[in-house]
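S.K.: Before I ask anything, here is the structure I am working with.
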Amino acid sequence: MNKHELIEAIAKSSGLKKVSAESALNGFITAVTDSLSRGENVNLIGFGAFTVKHRAERKGRHPQTGVEITISAANIPGFKSGKLLREDVAK
């Protein structure tokens, strides 16, 4: 499912117009992104948790030349599914 299909599904299940569903989805994405960029977690009980994980600096190799390189430390987003989501998907 891509973003357009998700907007259509939200509109259909909620009774919203597609424009309103798109606005709601964009608002959700912005809110989650802003929270994660501030280092805050976003927990949706039953659905899952969006978290920020720190990846330490590490050594790697350039795939074409084989030269050793340093890969910078980074904060990356993560997601852990909630119990209800896991149960629903398993059915």
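The values are calculated or read from the model by the stated rules, or taken from the named source; none is laboratory data. Keep in mind that what you see is a predicted model, and the values were worked out from it rather than measured. Here the Cβ is made from the backbone with ideal geometry for all residues, glycine too, and neighbour counts use every protein chain on show. These accessible areas exclude ligands, DNA and RNA; they are computed on the full protein's heavy atoms, side chains included. Shrake-Rupley method; radii C 1.70, N 1.55, O 1.52, S 1.80 Å.
S.K.: Has the stretch 21-39 got any residue that is assigned to a loop (DSSP other than H, G, I, E, B) and either touching a strand residue (DSSP E or B) at 6+ places or on another chain (Cβ under 7 Å) or not β-branched (Val, Ile, Thr) (or both)?
M.R.: yes
S.K.: ALA24 fails exactly one of the following numbered conditions: (1) surrounded by 12 or more Cβ atoms within 10 Å (Cβ to Cβ); (2) in contact with a Lys or Arg (Cβ under 8 Å, 6 or more places away or on another chain); (3) of a type in the set (A, V, I, L, M). What is the number of that condition?
M.R.: (2)
S.K.: Just to verify a result, which residue in the stretch 44-91, among those that are among the small types (Gly, Ala, Ser) and in a loop (DSSP other than H, G, I, E, B), is farthest from VAL32 (Cα to Cα)?
M.R.: It comes out as GLY66.
S.K.: Sticking with this structure for a sec: Can you pull out every residue in the stretch 27-57 that is open to solvent by less than 80 Å² (accessible area, probe 1.4 Å), under 11 Å from ASN75 (Cα atoms) and of a type in the set (S, T, N, Q)?
M.R.: THR51
S.K.: Do any residues in the stretch 79-91 that are of a type in the set (Gly, Ala, Ser) have Cβ atoms under 8 Å from those of residues that are surrounded by 11 or more Cβ atoms within 10 Å (Cβ to Cβ) and part of a strand (DSSP E or B), where the two are at least six apart or on different chains, and which pairs are they?
M.R.: SER81/GLY48; GLY82/LEU44; GLY82/GLY48; GLY82/ALA49
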